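Just below is one structure, and these are the notes that go with it.
The values are calculated or read from the model by the stated rules, or taken from the named source; none is laboratory data. All values reported here derive from a predicted model rather than from experimental measurement. Using ideal geometry, Cβ is built from the backbone for each residue, glycine included, and neighbour counts are taken over all protein chains shown.
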Amino acid sequence: MDLARLKQALRHLSPARYARALAEIKWDIARIRERQHKGMDVDAQIFTAAVMAADGRYAHPLSLTRHHAKVYSQHGEDGMLAEIFRRVGLPARPFFVEIGVENGQECNTRFLLEQGWSGVWIDGATADVEDARCIFAESVETGRLKIVHGMVTAENINAILDQSGVPDNVSFLSLDIDQNTSHVWRAMRCNTQVACVEYNASLPACLDVEVTYDPVAIWDGTNWFGASLKTLERIGTEKEMSLVGCDFSGANAFFVASERAAGKFREPFTAEAHYEIPKYTMAGPSGHPASQRARQWKSSSWPRDPN
């Protein structure tokens, strides 16, 4: 039944009920069209990803992307991090820093925290920080987790890290602050063994470009944010870190200290070799829902760094 015939069928209703029913039908039609468009987007993304993977890079024995798995992370970072540390090992007391954690329920380091890691969470939203302190109160009280409220900039990031007690050597850094991610990462002085940094997959992998720096700017929801993967590759090289892979959704890039990366990950360590197109709509829920309460996982499988 088309909309004109539907209008005629509803003429027996009172004017108020007619207007309400018609509005609800239009809303339903809009949602159906939206789902159709999203379905077409996903189909196109799957096709493009299949074409890009035809070179066999996902099947490569040292590929990192194929190890994605979601426990609490948004894009399968939990699985990729587990594989990275399986390959490179851990220090005796692993320590993380995550910047842009919201309330901690969906982030890249919650699973690490619940396996015994220690670290610092930093976020600029007051309500999220208060929620995180409540949800993860036990970890905060035992001293394994410090939750810091602050809007980080290239100018204040090192002072915030110092005031938060972050050591000079960090086992893992997760950085996702949308607009100024590349500028803040470039400014950070701490030595990092592994890093997960958001990149802008709308930008071609071969171009070294980033948004102009504005310390008070926030993401406006468009593709005007952050930096290309090539820019992050260059910043990583300056920090003696190698680009070893990206998550399948095209949201984050993974870096490992160059002295530990050689021979353990798929080379070359370039943006062109590891770039993933943006497939954000394919990163929907999978498996059972994540626990809304802080948990502890018994784990004895982490390999240790022999050095």
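To keep it simple, each residue is scored yes or no on (1) in contact with a strand residue (DSSP E or B) (Cβ under 9 Å, 6 or more places away or on another chain); (2) under 24 Å from residue 240 (Cβ atoms); (3) assigned by TED's automatic domain parsing to the domain that holds residue 86.
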site: 119; (1), (2), (3): yes, yes, yes
site: 144; (1), (2), (3): yes, no, yes
site: 163; (1), (2), (3): yes, no, yes
site: 167; (1), (2), (3): yes, yes, yes
site: 178; (1), (2), (3): yes, no, yes
site: 182; (1), (2), (3): yes, yes, yes
site: 191; (1), (2), (3): yes, yes, yes
site: 215; (1), (2), (3): no, no, yes
For segment 72-89, which residues satisfy the criterion of being surrounded by 19 or more Cβ atoms within 10 Å (Cβ to Cβ) and in contact (Cβ under 8 Å) with a residue 40 or more places away in the chain? 72, 75, 76, 77, 80, 81, 84, 85, 88
Looking only at segment 111-145, and only at residues there that are polar (S, T, N, Q) and either in a strand (DSSP E or B) or surrounded by 15 or more Cβ atoms within 10 Å (Cβ to Cβ) (or both), the one that is modelled with the lowest pLDDT: 115
Could you check segment 205-228 and list, in sequence order, the residues that are at positive phi and surrounded by fewer than 13 Cβ atoms within 10 Å (Cβ to Cβ)? 221
Does residue 202 meet the test of being surrounded by fewer than 18 Cβ atoms within 10 Å (Cβ to Cβ), in contact with a Pro (Cβ under 7 Å, 6 or more places away or on another chain) and in the same structural domain as residue 276 (by TED's automatic domain parsing)? yes
